[in-house]
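Working notes, structure below.
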C-alpha cells in the first residue's frame, strides 16, 4: 500500500513542485551536477536553489566571511556524493542549517521533516528554510488515507506570526466567502514542525490535508 501512496504523491506533485537547479543544467558536467539536474531529483534541485539564495543573502549582508569561506570546503563534501540522491539531500540539509543559523535561525527551523501514521493512514514531508529576512520558504507534500488524497505546496514568504510563521496564498482568487489558503508553521522544539492549514482544498485532493506534526529527519 505504501508503494501505491508514494506513486500517487509523485504523480500528483511532480509537475507542480518540479525543481530547477541554481545553475545552467545545459552545462552540467560532473555526476553531482547531472544528478541535481535530473528530473527525478527535484527535491535536490529545490535544496540547491535554496542554498544559492541563502548564500547570496549572507554575502550581501556582510559579516559572514568565515561561514562563506568554509562553504567552499562543503562543496567538496557535496561533490563526494556523486550521483547518490540521499547523500546529496543529507549534505544540502546539513549545510543549509549551518548557513541559516549564521543568518539568524536561532530556533533552528531550517531542515527536512516527515511524518508517517501507517500504510493505510498516510504520510508527508516538509522542507523549510528560514531566510535572513526571517521569512520561511519551502515545500510540503502529503498523502492522506487509504485512497491516497494528495496535497502539494511550494511556498515563499511565510511571515513571522508570534512564535510561528503564517503563509497566505495571494496568487489565487479567494473562495466565495473571501477565504484564502493559509498554512501555519510552528517549530515546537528542535525536532518537530507542526503544520496547520485552512481553506487549502486547491492544493489537495478531496480529503487531503497538510495538518500533522512532522519529525525532523536525521
| message | Between residue 194 and residue 30, what is 0.36 nm times their sequence separation minus the Cα-Cα distance? Round to one decimal in nm. | response | 55.3 nm
| message | Sorted from largest to smallest, which semi-axis lengths in Å does the alpha carbon gyration tensor of the chain give for its equivalent ellipsoid, taking the root of 5 times each eigenvalue? | response | 28, 22, 16
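Given a Förster radius of 22 Å and the C-beta distance between residue 23 and residue 59 as r, what FRET efficiency does 1/(1 + (r/R0)^6) yield to the nearest 0.05?
Details: r = 17 Å, r/R0 = 0.75.
After rounding, the FRET efficiency stands at 0.85.
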| message | Using a Förster radius of 45 Å, what is the FRET efficiency between residue 83 and residue 176 based on their Cβ-Cβ separation? Nearest 0.05, please. | response | 0.40
| request: Determine the distance separating the Cα centre of segment 92-110 from the Cα centre of segment 175-218; give it in Å without decimals. | output: 22 Å
| request: Would you mind computing Rg(Cα) / (2.2 N^0.38 Å) for segment 76-127, counting N as its residues? | output: 1.43
| message | With a 10 Å cut-off between alpha carbons and a GNM built on the chain, which of 80, 158, 109 moves the most? | response | 80
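Find how much the distance from residue 121 to residue 75 grows on full extension, using 0.36 nm per residue of separation minus their present alpha carbon separation; answer in nm with one decimal. Working shown, then result.
Working: separation 46, 0.36 × 46 = 16.56 nm, distance 3.88 nm.
Gain in length upon complete extension: 12.7 nm.
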| With springs only between Cα atoms under 10 Å, which of 140, 98, 150 fluctuates most in a Gaussian network model of the chain? | 98
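Please state, rounded to one decimal and in Å, the Kirkwood hydrodynamic radius that segment 111-216 gives when every pair of distinct Cα atoms enters the mean of 1/r.
Values: mean 1/r = 0.0715 Å⁻¹.
Here the Kirkwood hydrodynamic radius works out to 14.0 Å.
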| Within a Gaussian network of the chain (alpha carbon springs, distance under 10 Å), most fluctuating of 105, 189, 171 | 171
| Just from its helices, what would the mean residue ellipticity at 222 nm be for the chain, if runs of 4 or more DSSP H residues each count -39500 (n - 2.57) and the sum is divided by every residue, rounded to the nearest 500 deg cm²/dmol? | -11500 deg cm²/dmol
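R0 = 22 Å: FRET efficiency of residue 163 with residue 218, Cβ-based, nearest 0.05? Please list the in-between numbers first.
Values: r = 24 Å, r/R0 = 1.09.
Once the sixth-power term is evaluated, E becomes 0.35.
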| message | Please list, by residue number, everything in segment 74-91 whose backbone N is under 11 Å from a paramagnetic label point 7 Å out along Cα→Cβ of residue 108. | response | none
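Bear in mind these aren't lab numbers, they're just calculated from the coordinates by the rules spelled out. On a predicted model such as this, the values are computed, not experimentally measured, just so you know. Virtual Cβ from ideal backbone geometry, glycine too; neighbours counted across all protein chains shown.
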